[in-house]
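> Please read through the structure below; I'll follow up with questions.
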Amino acid sequence: MIIWINGAFGSGKTSTAFELYRRLPNSHVFDPEEAGYYIRKNVPKEVAKRDFQDFPMWRDINYQMLYHLSQNYKGVVIVPMTIVDPLYFEEIVGRLRDQQVSVHHFTLWAEKETLQKRLRKRGERKGSWAEQQIERCLTGLSHECFETRVSSEQMSVQEQVEWIADKLALKLNPDTRGPMKKKLDQWRTQIQHIRWFQ
């Protein structure tokens, strides 16, 4: 099973994905961005694209990797990744589903003002690349292919994880951490996965 957690930048994809990973036995977090950074580093600037998702090879690499994992790993693969173009989504998730791979997709939804506040809180300056993408993300994610939506404004990260698990009939490990440990884990995850340069 693959769980794709989508959403605009600042919606909480990474926090939710790693919280789910902490509580779900036999799970693995797969990061499609890594292929993008590899491509960006190794492509001459004359043929570089501003968004690495625009490289067909990025979509193909991630399809191939996820298909490989689906055939060779018996656990749950969790994919935190913003993808807002329905055609690109089809090239990865649609192809996987065509191959009978079980892919469950969830969009974490928050309004523009909330996303801007969260980006500031994690250290992004006004007008950053991530903030510039908000309108494009919210418009793209309104497409019907990006349902089911989860309100990241009305639910905490823990509540989102439990909602997703309940929807998929997944049994989570009990969360025995205190409030401070939960906050520390969330903070550590956010710091480790901030992309300081786009």
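The values are calculated or read from the model by the stated rules, or taken from the named source; none is laboratory data. Please read all numbers here as calculations on a predicted model, not as lab measurements. Virtual Cβ from ideal backbone geometry, glycine too; neighbours counted across all protein chains shown. Quick note on the areas: whole protein, heavy atoms, side chains included, nothing else; ligands and nucleic acids left out. Shrake-Rupley method; radii C 1.70, N 1.55, O 1.52, S 1.80 Å.
> Give me the percent of accessible area attributable to carbon and sulfur for region 12-153, probe 1.4 angstrom. Spell out each step's value before the answer.
Working: 3710 of 7550 Å².
Summing carbon and sulfur atoms, their accessible area is 49 percent of the total for region 12-153.
> Using a 1.4 Å probe, how large is the accessible area of Phe89, given in Å² and rounded to the nearest 10?
The accessible area of Phe89 comes to roughly 10 Å².
> Kirkwood hydrodynamic radius, computed over distinct alpha-carbon pairs, for the chain: how many Å, to one decimal?
Numbers: mean 1/r = 0.0573 Å⁻¹.
Its Kirkwood hydrodynamic radius stands at 17.5 Å.
> In whole Å, largest first, what are the principal axis extents of the Cα atoms in region 1-117?
45, 39, 23 Å, listed from the longest principal axis down.
> Near the amide H of Ile78, under 5 Å away, which other amide H atoms are found, from residues 5 or more places off or on another chain, if H is placed in the peptide plane?
Ile3, His28, Val29, Phe30
> Of the residues Ser152, Ser142, Ser15, which exhibits the maximal mean-square fluctuation in a Gaussian network model of the chain defined by a 10 Å Cα contact cut-off?
Ranking Ser152, Ser142, Ser15 by mean-square fluctuation puts Ser142 first.
> Please calculate how many Å² of accessible area the chain carries per residue, with a 1.4 Å probe and no DNA, RNA or ligand atoms counted.
56
> R0 = 45 Å: FRET efficiency of Leu87 with Met180, Cβ-based, nearest 0.05? Intermediate results must be reported in sequence, preceding the final value.
Details: r = 44 Å, r/R0 = 0.98.
Calculated transfer efficiency: 0.50.
> Continuing with this model, one more query. Looking only at Ala17, Ala130, Ala169, which one moves most when the chain is put into a Gaussian network model with springs between Cα atoms under 10 Å?
Comparing Ala17, Ala130, Ala169 in the GNM, the peak value goes to Ala169.
> What's the long-distance tail for region 74-145, i.e. % of Cα pairs beyond 15 Å?
On the way: 1586 of 2556 pairs.
Value for region 74-145 (Cα pairs over 15 Å): 62 percent.
> Per the Debye formula with a single identical scatterer at each Cα and no solvent contribution, what log10 I(q)/I(0) holds for region 35-101 at q = 0.22 Å⁻¹?
Calculated log10 I(q)/I(0) at the listed q: -0.98.
> Under 10 Å, Cα contacts only: if you run a Gaussian network model on the chain, which one of Leu87, Leu69, Leu119 comes out with the highest mean-square fluctuation?
Looking only at Leu87, Leu69, Leu119, the biggest GNM fluctuation is shown by Leu87.
> What FRET efficiency would be calculated for the residue pair Ser151, Tyr67, taking the C-beta separation as r and a Förster radius of 30 Å, to the nearest 0.05?
After rounding, the FRET efficiency stands at 0.45.
> As a check on your grasp of the helix formula, calculate [θ] at 222 nm for the chain: sum -39500 (n - 2.57) over DSSP H runs of n ≥ 4, divide by the residue count, round to the nearest 500. Present the calculation step by step, with values, prior to reporting the outcome.
Working: 10 runs with 92 residues, N = 198.
For the chain, the value works out to -13000 deg cm²/dmol.
> Here's something else I'd like to know. Given points 7 Å out from each Cα along the Cα-Cβ axis, report the Lys74 to Arg120 separation in nanometres with one decimal.
Output for this residue pair reads 5.0 nm.
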